[in-house]
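First the structure, in the form of structure tokens, and then the observations on it.
The values are calculated or read from the model by the stated rules, or taken from the named source; none is laboratory data. Quick caveat, the model's predicted, so the values are computed rather than measured. Heads up, the Cβs are rebuilt from the backbone with ideal geometry, glycines too, and the neighbour counts pull from every protein chain shown. The protein model used for the area step is the full one, side chains on, heavy atoms only, and it has no ligands, DNA or RNA in it. Shrake-Rupley method; radii C 1.70, N 1.55, O 1.52, S 1.80 Å.
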Amino acid sequence: MADNKLILVCKDKQISEDIIRILISSEKIKGEDIEVWEEKTWDVKRKTGPVASKMLFVGDIKDTEALSCFINIRYERWGICYGLNPRYAVIKADTIYVKDAQRYQAFLSEFDDALGLIMLPPAEETQSNKVAKTIGTVGLAVATGGASLAAQKIYDDTKNLDAKNTKLCLYGVWHFAENCLEDFLEESV
């Protein structure tokens, strides 16, 4: 890649680490060639003028809708859509296409086949997450006295949609890295 870095713009740091891991695993880019901006950074820097580097937007990033008319769509499946032009690549996901359990399980099967080994967390991290989730659930039940089951259900549904959206986006990043990343990086602006 030239002197410029690929600027990755996403919602938060946690998803950016997973995206970087996927991009690096494609062996088409190195970690030092990726710069991460959170959505807030993009919001500030987009107002200061054009950015010389290529940019990859992942997720529902503020003010990227205007880019849609300049993007050549390359992939649409499972509610994932990505496209690019010489300067920008945009990967978005919509959970409506995997709303029913059967369709989501079919997607998860494809997700696990593609990203299973890449996304495996270290063993001790997995164990600590299980303990924290159990403690959090017990704490919520004690704190609310079990009275807000409806509120908890709404919270769980929202959390589930966010988790689905994240998986869809990660799969989109993997598909993009496997099929378009090299061409995107080599194409002149």
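Any idea which of (1) open to solvent by 90 Å² or more (accessible area, probe 1.4 Å); (2) at pLDDT below 90; (3) assigned to a helix (DSSP H, G or I) is the one residue 120 doesn't satisfy?
Every condition holds for residue 120 apart from (3).
Could you look through segment 1-44, keep only residues that are hydrophobic (A, V, I, L, M, F, W, C) and open to solvent by 90 Å² or more (accessible area, probe 1.4 Å), and pick out the one that is farthest from residue 180 (Cα to Cα)?
Going through the qualifying residues, I end up with 44.
In segment 80-103, what residues are among the acidic types (Asp, Glu) and under 19 Å from residue 19 (Cα atoms)?
Result: 94, single match.
Which condition does residue 37 not pass, out of (1) within 18 Å of the chain's Cα centre (by Cα); (2) in contact (Cβ under 8 Å) with a residue 60 or more places away in the chain; (3) outside any helix (DSSP H, G or I), if it passes all the others?
Condition (2) is where residue 37 drops out.
Give segment 65-85 a look and list any residue that's in a loop (DSSP other than H, G, I, E, B) and touching a helix residue (DSSP H, G or I) at 6+ places or on another chain (Cβ under 8 Å), or say none.
78, 79, 85
Looking only at segment 89-116, which residues are free of Cβ contacts under 8 Å to residues at least 60 places away in the same chain and open to solvent by less than 50 Å² (accessible area, probe 1.4 Å)?
90, 106, 108, 116
Applying the selection to segment 52-79, what residues are within 19 Å of residue 20 (Cβ to Cβ) and not small (Gly, Ala, Ser)?
54, 55, 56, 57, 58, 61 - these are the residues of segment 52-79 that are within 19 Å of residue 20 (Cβ to Cβ) and not small (Gly, Ala, Ser).
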